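The values are calculated or read from the model by the stated rules, or taken from the named source; none is laboratory data. Keep in mind it's a predicted model, so treat the numbers as computed, not measured. Cβ placement follows ideal geometry from the backbone for every residue including glycine, while neighbour counts extend to all protein chains displayed. These accessible areas exclude ligands, DNA and RNA; they are computed on the full protein's heavy atoms, side chains included. Shrake-Rupley method; radii C 1.70, N 1.55, O 1.52, S 1.80 Å.
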Amino acid sequence: MRTIICLFSFILCHQLAISQSSAPEIIPTKNGEIKIYPVLHATMAIKYEDQTIYADPYGGKKGFEGISDPSLILITDIHGDHMNLETLNEIGAQATPILAPQAVVEKLTPAFTNLTALANGEKTTIQNVTIEAIPMYNLPEDSTSRHPKGRGNGYVLTIDGKRIYISGDTEDISEMRNLENIDIAFVCMNQPYTMTVEAAADAVMEFKSKVVYPIHYRGKGGLSDVETFKRLINVGSDEIEVRLVNWYPEQE
């Protein structure tokens, strides 16, 4: 009987962890609210009024259950945990507007028919959302870089006056540190692919986003210590709110 009870408790907790990870984060705006759905790794959905933006859809259609179909898709880079053909096909994204760097556009053509390339430093407005492409890259800038400068995009979205930064796969670069007026930031931290927890915390304290979410924190050594990230920022600044949500429900 004790074994059955323990098994039931484990299953119940596992289900709760998954449901909690898919519950939206709420960001109030002057005219309503932005709902952010953490999905997996660097994958999220951002909903405002009748617009739903998927960022780096990955992990299959199941992760988007209960979330509206995308009105826009953002892709940051060519790697499979960002540009995932299987997931894009499962969610039926062939005709959905997709905004991506040129390297991604070249790989998605011709199966996907509504592609817009955006280079680092460029800006566009789609469905009342302003989107700026921000550099993302590894240091040092040499032939060993997994993410060379100019190939991928981070993004800054402006939605109803709120500026939302999505880092993509980057290290602690000057273009991130120089960001201004960021309300919500989604910042990667995994080794050896992006940056350390310490570097990420230091960069966030430089550009001072009002709210920050650690994302993309699974690396070769497992999950990065996001509690340390939160502690470093709490010690270094009382102006930044760190929100920890579960981006890896399958590991619960």
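Looking at (1) loosely packed, with under 14 Cβ neighbours inside 10 Å; (2) under 15 Å from ASP172 (Cα atoms); (3) not hydroxyl-bearing (Ser, Thr, Tyr), find the lone condition where GLY236 falls short.
Failing condition for GLY236: (2).
Which residues, counting only those in segment 145-175, are assigned to a helix (DSSP H, G or I) and in contact with a strand residue (DSSP E or B) (Cβ under 7 Å, 6 or more places away or on another chain)?
GLU175
What about GLY80, is it within 26 Å of TYR248 (Cβ to Cβ) and not in a strand (DSSP E or B)?
Criteria met by GLY80.
Could you look through segment 118-144, keep only residues that are small (Gly, Ala, Ser) and out of contact with any Leu (no Cβ under 8 Å at 6 or more places or on another chain), and pick out the one that is farthest from ASN89 (Cα to Cα)?
So the residue we want is SER143.
Somewhere in segment 213-225, is a residue closer than 17 Å to GLY154 by Cβ, among the aliphatic types (A, V, I, L, M) and not in a loop (DSSP other than H, G, I, E, B)?
Within segment 213-225, one or more residues are closer than 17 Å to GLY154 by Cβ, among the aliphatic types (A, V, I, L, M) and not in a loop (DSSP other than H, G, I, E, B).
Just to check your reading of the model, which residue among PRO101, PRO148, PRO70 is modelled with pLDDT under 95 and either surrounded by 14 or more Cβ atoms within 10 Å (Cβ to Cβ) or touching a Pro at 6+ places or on another chain (Cβ under 8 Å) (or both)?
PRO148
Considering each residue of segment 30-75, count those that are over 21 Å from VAL245 (Cα atoms) and either free of Cβ contacts under 8 Å to residues at least 60 places away in the same chain or in a loop (DSSP other than H, G, I, E, B) (or both), and give that number.
11
Before we move on, is ASP202 part of a loop (DSSP other than H, G, I, E, B) and open to solvent by 70 Å² or more (accessible area, probe 1.4 Å)?
Answer is no for this residue.
Can you confirm whether TYR165 is in contact (Cβ under 8 Å) with a residue 40 or more places away in the chain, hydroxyl-bearing (Ser, Thr, Tyr) and open to solvent by 50 Å² or more (accessible area, probe 1.4 Å)?
Here the answer is no, as TYR165 does not meet what is asked.
Looking only at segment 118-142, count how many residues are modelled with pLDDT under 95, outside any strand (DSSP E or B) and open to solvent by less than 40 Å² (accessible area, probe 1.4 Å).
1
So, in segment 187-235, how many residues would count as being farther than 16 Å from LEU40 by Cβ, among the small types (Gly, Ala, Ser) and at pLDDT 95 or above?
5
Which condition breaks for ILE78 when tested against (1) more than 22 Å from ALA119 (Cβ to Cβ); (2) surrounded by 16 or more Cβ atoms within 10 Å (Cβ to Cβ)?
The single condition ILE78 does not satisfy is (1).
Given the conditions (1) touching a Gly at 6+ places or on another chain (Cβ under 7 Å); (2) at pLDDT below 95, which single one is not true for GLY80?
So the condition that GLY80 fails would be (1).
Which residue pairs have Cβ atoms closer than 7 Å, lie 6 or more positions apart in sequence or on different chains, and pair a first residue in segment 114-128 that is within 14 Å of LEU72 (Cα to Cα) with a second residue that is modelled with pLDDT under 95 and open to solvent by 40 Å² or more (accessible area, probe 1.4 Å)?
LEU115/THR109
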